[in-house]
1. At what distance in nm do the modelled label points of residue B:156 and residue A:106 sit from each other, each positioned 7 Å from its Cα along Cα→Cβ?
2. Go through A:115-122, B:92-99 and give me the packing order, highest mean Cβ count within 10 Å leading.
3. What is the Rg over Rh value, at two decimals, for region B:68-148, using alpha-carbon atoms and the Kirkwood definition of Rh?
4. Can you compute the modelled spin-label distance between residue A:91 and residue A:57, with each label point 7 Å from Cα toward Cβ, in nm?
5. At a Förster radius of 30 Å, what calculated FRET efficiency corresponds to the Cβ-Cβ distance of residue B:120 and residue B:145, to the nearest 0.05?
6. Quick one: Karplus J couplings for region B:185-190, per residue in order, coefficients 6.51, -1.76, 1.60, θ = phi - 60°, nearest Hz, x for Gly and Pro?
Amino acid sequence: MATETPPGDPVDASAAVRVRPFTLTAGRTKPRVELPVEATLRRLGSASAGPVEAHLTRILEVCDRRSVAEVAALVAMPIGVVRVLLADLVELGQVRVQTTIQEDSTYAERRDLIERTLRGLRTL
Amino acid sequence: MDSARSSDPRTAASTKIVVAGGFGVGKTTLVGTVSEIMPLRTEALVTNQSEGIDDLAAVPRKGTTTVAMDFGRITLGEDLVLYLFGTPGQRRFWFMWDDLCLGAIGAIVLVDTERLDEAFSPLDYFEQRGLPFIVAVNQFEDAAQYPLEDVAAALALSPGTPVIRIDARRRESVKQALVRVTEFSLERLSAAVGA
Ligand SMILES: Nc1nc2c(ncn2[C@@H]2O[C@H](COP(=O)(O)OP(=O)(O)O)[C@@H](O)[C@H]2O)c(=O)[nH]1
Ligand SMILES: [Mg+2]
C-alpha cells in the first residue's frame, strides 16, 4: 500500500513553471477522461454539493449543455487546462460527458451520426 | 428532460467540421455566417513559438504563445449540435490538428485563388490522416474566377475530391458547403466498407 503511486499523473515541475495556467491543475497536463473539443457536458448533482475551488465553480456554472471548447472560451482558459479541470469534475461526479465519435466508434455509429447531421443541415 | 434518443449513451450528441486555410481566406467569416452564437475564440498553448504572426498571439508569459481557434455552433435538432472549428493552416500548427480532427465528420479547405499555396499544408495533412475533405474556393469579387478544374489541377487533388465555389458571407452558400462535405464523408464511409 505504501509504495502505491498516488492517483493522477506525476507533477511535471518544469512544465508547470513554463506554462503557468497548468498550476491550476497541479502540473497535470493530461486528463484521465476522454474530452474531445466538441463533447457536450452535462452538469450533475446539486449546486450545494459542488466544489469549493473558484476555478472549478466557474467551469461548473457555465458547462451544462455546452462543449469543452465553449467552456474554455467562456472561462478564458486554454483548452488543455479546461480539459484537466473538467476531468476532475467528472471524477467528482459533478459532470457527465455526452457521446461523440471516437477512434473506436463503429461503422453504424459513424453512419448514424453523419446521416443525422446531413438531415439537420438540409433543413436548416 | 432528455429525449429517448439523447439518453441513449451510444448516440453522439455533438459533432464537428473543421475549416482550414490560410490567414485572411475567410475562415472566421464562414463560421460566423452560419453560427447561432458569435464565433468564440479558444486557445491552445504553444511553448516554442516566438513570432506573433497570423493567428499567433503572444501572451504575457515567457516562452509561451497561444494559437487561437475560432469556432461556432449550429443546433441541428434536440439531440445534435454541430461545431465548426476554424483553424490556421500553416504546418507549424499541425500539433493541434490531431486533436481537432479526431472524430470530425470532415474538413473544408478554404482557398483564395490568389494564394493557392496556402492550401497545400492543410491538403497534405487531411490526405495523410484520411479525413474526408472538400475544397471551397472563397470567391472574392476582385479576384479572377478560375475554372474549378484548373483549381483542382493546380492543387493536385486526387480525382473525386469535391471542389466548389462559395461566398463565405452568404448563409445559403456556406450551408451548401457543409452539406457537401457531409455527403462526401458519407460516400467515403460507405466506400470504405464496400457498402
Ligand atoms: N469580398 C469578400 N470578402 C471576404 C469574404 N470572406 C471574408 N472576407 C473578408 O476577408 C477578411 C478576412 O476574413 P476572415 O474571415 O477574418 O479570415 P480568416 O483569417 O481566414 O479567419 C475579412 O475582412 C472579411 O470580411 C468573401 O467571401 N468575400
Ligand atoms: Mg480567423
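The numbers here are math on the coordinates, done by the rules we state, and not lab data. Please read these numbers as outputs of a predicted model, since none were measured by experiment. Note that we place each Cβ from the backbone using ideal geometry, even for glycine, and neighbour counts take in every protein chain shown.
1. Those two pseudo-labels are separated by 4.1 nm.
2. Values: A:115-122: 18.1, B:92-99: 16.5.
Descending packing order for the listed peptides: A:115-122, B:92-99.
3. Details: Rg = 14.2 Å, Rh = 14.2 Å.
Using Cα coordinates only, the ratio equals 1.00.
4. For residue A:91 paired with residue A:57, the spin-label model returns 2.2 nm.
5. Numbers: r = 21 Å, r/R0 = 0.71.
Plugging the Cβ-Cβ distance into 1/(1 + (r/R0)^6) gives 0.90.
6. 4, 5, 4, 5, 5, 5
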